[in-house]
Structure formats: structure tokens, C-alpha cells
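Undergrad: Take this structure, written in C-alpha cells, and hold onto it; I'll ask about it next.
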Amino acid sequence: LKNGIINENPTFVQVIGMCPTLAVTSSAINGIGMGLSTTAVLIFANLFVSLLRKVIPDKVRIPCFIVVIATFVTIIEFMLKALNASLGLYIPLIVVNCIILARAEAFASKNGPIASIFDGIGMGLGFTIALGVLGLVREFIGAGTLFDITVLPEAFPRTLLFVMAPGAFFTLACLMAALNYFRNKKKA
């Protein structure tokens, strides 16, 4: 679990899954929603890839992994629609999110079901935390809100750039720099 959250965080350390990271995190709620959706897909995809790892032929393992992932993305998408929660076209893009395929290939295809479930939980929580923090910072600076609740007075200038695409890149860069600074300081 610690690996997925801290040591091998998919967003801040491995720098994978950037499409949803940059696109969805204009607010904390969107970031956390995408992170939790991805976590659910990671857990179930890892479990099923792990269970099927000895049955899937080597030559077709990647397409098989994508079919397993697509199945769980579709289930999650239907559940979100039933709850009237919408993250737009980004939920179907989870199918091609390299975090999920990378974990299926690098971990679940080589380990048992229990270890694969915990790997999915750890990586998913790391992704969720990263998206949540990124969304919080962007929403606070760009709109003066946290979880859609106004926290800054109207007199405080809004920096709308932060809720747009360039703000995502800038915020991600600053958070990654801060994380690397503290990680390197801890090692010294």
C-alpha cells in the first residue's frame, strides 16, 4: 500500500496517467471521483488478471488485459450514470489509462490475487490522493472554493488560469517539485 501511495505514486513519482490527471482536476470533487473510479477498476482488473494469468496465452495477454479492464470500466460507468455522477468522457478513457495496464502487466500478471488486490488499492489510493490534492489546489486558487464551497471572499482575485489546462500543468509541476524536494531532503 505504501508503495502506491508514496514510493511509486503513479502521478507524482511514475508520472503516468497524465490525461485524466490534467483534464479532470479542475475541482477536488472531480479529481477524487476520477481517482476512486480508477481505484475500483484497478482493484477488480488486478484481481481478474491475477486469476487468469496462467490461462491467458503470452501472445494475446495485452488485448486480454484490455478486455478485462474495459469490462470493469463499463460497469463503473453504468454505476456512475445510475448515481447521476458525471465525469464526462473521461471515465471511458480509463480503459487506456496506462496506470491500469501497467499494473496488470507488471504486477497482477506475476502475483497472486490477494497481493494484486492490495497493489490495486495502493496504486488507486495514490492516484486518488494525487488527483484530490491537485484538484484542491487548482480549485482554491482558480475559483476560491473548496469542494464547491466558497472559502475566499469576493475581493480576493481569482486566477482562472488555474482551472484551465495551463493551470493543471503548472500546479502539477509545483506539487512534483515540492514532493521531490522533501523526498531528497529526507534522504540527506
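Undergrad: At 1.4 Å probe size, with every protein chain present, just tell me what the per residue accessible area of region 15-82 comes to in Å².
TA: Roughly 48 Å² per residue, with all protein chains present.
Undergrad: Between Glu105 and Asn7, what is the FRET efficiency for a Förster distance of 22 Å, r being their Cβ-Cβ separation, to the nearest 0.05?
TA: 0.70
Undergrad: Using the alpha-carbon centroid of each, what span in Å lies between region 15-77 and region 124-186?
TA: 24 Å
Undergrad: May I pose another question? Just read off the accessible area of Phe170 with the full protein assembly in place, 1.4 Å probe, to the nearest 10 Å².
TA: Rounded to the nearest 10, that gives 110 Å².
Undergrad: Same structure, new question: Just subtract the alpha-carbon distance of Phe169 and Thr74 from 0.36 nm times their residue separation and send over the number in nm, one decimal.
TA: 31.3 nm
Undergrad: With every atom except the alpha carbons ignored, what do you get for Rg and Dmax of the chain, in angstroms?
TA: Reported Rg and Dmax, both Å: 17.5, 62.
Undergrad: Taking Cα pairs under 8 Å and at least six residues apart, what relative contact order does region 4-148 come out at, in percent?
TA: Rounded, it is 48 percent for region 4-148.
Undergrad: What accessible area, in Å² to the nearest ten, does a 1.4 Å probe give for Lys2?
TA: Here the residue's solvent-accessible area equals roughly 130 Å².
Undergrad: Projected area of region 1-72, taken from the Cα convex hull and averaged over every viewing direction, in nm²?
TA: 5.7 nm²
Undergrad: How far is helix 61-82 tilted off the main Cα axis of the chain, in degrees rounded to 10, range 0 to 90?
TA: The angle comes out at about 50 degrees.
Undergrad: On to the next question. List the relative contact order of region 2-69 as a percent without decimals, with contacts defined as Cα pairs under 8 Å and 6+ residues apart.
TA: Relative contact order here is 17 percent.
Undergrad: Quick one: if you stick a label point 7 Å off each Cα along the C-beta vector at Val15 and Phe182, how many nm between them?
TA: Computed distance between label sites Val15 and Phe182 equals 2.0 nm.
Undergrad: Probe 1.4 Å, all protein chains in place: accessible area of Val151 in Å², nearest 10?
TA: Accessible area of Val151: about 70 Å².
Undergrad: Strictly over 24 Å apart at the Cα level, which of Lys2/Lys185; Lys2/Lys187; Lys2/Lys59 would you flag in this model?
TA: Those over the limit are Lys2/Lys59.
Undergrad: Moving to a separate point now. In whole percent, how big is the carbon plus sulfur part of the accessible area of region 1-119, probe 1.4 Å, protein atoms only?
TA: Ligands and nucleic acids excluded, carbon and sulfur give 71 percent.
Undergrad: For n ≥ 4 DSSP H runs only, could you compute -39500 (n - 2.57) per run for the chain, divide by its residues and tell me the 222 nm figure to the nearest 500?
TA: -20500 deg cm²/dmol
Undergrad: Have a look at Gly135, Gly35, Gly112 and tell me which one the Gaussian network model of the chain (Cα, springs below 10 Å) gives the largest fluctuation.
TA: Gly112
The values are calculated or read from the model by the stated rules, or taken from the named source; none is laboratory data. These numbers were taken from a predicted model, which means no experiment stands behind them. Please note: Cβ atoms are built from the backbone with ideal geometry, for glycine as well, and neighbour counts cover all protein chains shown. SASA here: full protein model, heavy atoms, side chains in, ligands and nucleic acids out. Shrake-Rupley method; radii C 1.70, N 1.55, O 1.52, S 1.80 Å.
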